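So the structure is just underneath, and the comments pick up after that.
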Amino acid sequence: MEAPAAARGPAESSGHSSGPAAEGPSSGVEITVTSPEQMRELGRRLARLLRAGDLVMLSGELGAGKTTLTRGLGEGLDVRGAVTSPTFVIARVHPPLGDGPPLVHVDAYRLSGGLDEMEDLDLDVSLSDSVIVVEWGEGKVEELTEDRLQVRIDRAVGDTTDEVRHVTVTGLGERWTTADVSVLAG
C-alpha cells in the first residue's frame, strides 16, 4: 500500500499575484506526490471539486504528470473514453457516462498564438457546460474566464527515475474564494 500524498501546507499569499487584480482572491495548496497512481488519485479528488464551467490550467515540464492527473480527473468525473494526451489532435471531448459534465482536454503545446488561435476550438462555447482542462495554456486561455484553477507540477530536473512531484494548486477568481482546495492534500 502506498503512502498518501503529503501536503506541504497551504500556499501563502505574498501580497502579489500572478495575474490581474480583477481576478480576485486566490486559495491554494501544495502537495507532494510520489507515484503515478497518487497523481491519478489526486485527479480523482480534484474532480470532486469541479463542476461545469470550470477551467483548469495545467503546467509543468514534459513528463511531469499533467496527462496522468487528467486521467484521474476523467475517472473522477466518470467520462467516456480513455484520457490520453491530445498533443496531436489539440483537443478531445470526453462525454459524461452519468449526469456530470463532459471533460474537454486540450493540449495547447503546439499552439503558438494566444486566445485568437484558441478561439478556433470554441472553448468559450464549451466552458459553461464542461470542465475544460488545458495543458500548456499559460498566456493562451486566461482570457476565457477570471475564475480558474491553476495546477503546477514540478519534478526533479535531469533525474528521470525520480517519481516525486510537487503539485501546487491555486484557485483564482470568485469561484475559488470559498472552495476548500486544501481537501486535495488527502
Could you tell me the accessible area of Trp136 in Å² (1.4 Å probe, neighbours in place), rounded to the nearest ten?
60 Å²
Could the peptides 60-67, 94-101 be put in order, highest first, of the mean number of other beta-carbon atoms found within 10 Å of their residues?
60-67, 94-101
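The values are calculated or read from the model by the stated rules, or taken from the named source; none is laboratory data. Please read these numbers as outputs of a predicted model, since none were measured by experiment. Cβ coordinates were reconstructed from backbone atoms using ideal geometry, including for glycine residues, and neighbour counts include every protein chain displayed. Just the protein is used for accessible areas: all its heavy atoms, side chains included, with ligands, DNA and RNA removed. Shrake-Rupley method; radii C 1.70, N 1.55, O 1.52, S 1.80 Å.
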